[in-house]
Amino acid sequence: MYWSIRRPIVTYGCETWVLKETIKNKLMVFETKVLRRIFGHTKERDGTWRIKTNDELDALMSHKNIINHIKAQRLSWFGHSHRMPEERMVKRVYKWKPMLT
C-alpha cells in the first residue's frame with residue numbers, strides 16, 4: 001500500500017525539487033509515521049508492547065528511505081534528459097545559457 005499508493009503521490013515531480021534540510025526532515029518524519037502505522041508495535045518477551053525504533057524501521061525497509069528514492073529519481077531524470085535529442089525543448093532549456101550584456 002505504501003509503495004504503490006502513498007510514496008508515488010508524495011514524491012510526484014520530485015525530480016525537480018530543491019532538497020533543503022527542512023524538506024528532508026519533513027519527508028523523513030512523514031515516512032516514519034506512516035511506517036510505524038503500517039508495521040505496528042512490537043511485542044516483547046514479557047508481554048509488553050513498544051513502538052519500533054527508527055533503526056528497526058530502516059532495517060525493515062532495507063535502507064530504501066524516501067530521500068534515497070528522490071535522489072535516484074533525480075539521477076534517472078538527469079540521464080533521461082541528457083540522452084534526449086538536441087531539438088527537444090527540455091534539452092534546449094537544459095543547455096541554454098543566458099546572454100550577458
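The values are calculated or read from the model by the stated rules, or taken from the named source; none is laboratory data. For clarity, every value in this text was computed on a predicted model and none was experimentally measured. For neighbour counting, all protein chains shown are included, and Cβ atoms are generated from backbone atoms with ideal geometry for every residue, glycine included.
Only one entry of Thr32, Thr42 meets the criterion of being surrounded by 12 or more Cβ atoms within 10 Å (Cβ to Cβ) and more than 26 Å from Cys14 (Cβ to Cβ), and that entry is Thr42.
Pairing residues of region 18-45 that are acidic (Asp, Glu) with residues that are surrounded by 11 or more Cβ atoms within 10 Å (Cβ to Cβ), at Cβ distances under 6 Å and at least 6 apart in sequence or on separate chains, gives Glu31/Ile66. Only one of the numbered conditions (1) under 24 Å from Glu21 (Cα atoms); (2) out of contact with any strand residue (DSSP E or B) (no Cβ under 8 Å at 6 or more places or on another chain) is violated by Arg88, and that is (1). Taken over region 34-44, the criterion of being in contact with a strand residue (DSSP E or B) (Cβ under 8 Å, 6 or more places away or on another chain) and part of a loop (DSSP other than H, G, I, E, B) is satisfied by Glu44 alone.
Among the numbered conditions (1) assigned to a helix (DSSP H, G or I); (2) of a type in the set (A, V, I, L, M, F, W, C); (3) exposed (fewer than 13 other Cβ atoms within 10 Å of the Cβ), the only one that Leu100 does not meet is (1). Among the residues of region 1-25 satisfying the criterion of being exposed (fewer than 10 other Cβ atoms within 10 Å of the Cβ), not in a helix (DSSP H, G or I) and not hydroxyl-bearing (Ser, Thr, Tyr), which is modelled with the lowest pLDDT? It comes out as Met1.
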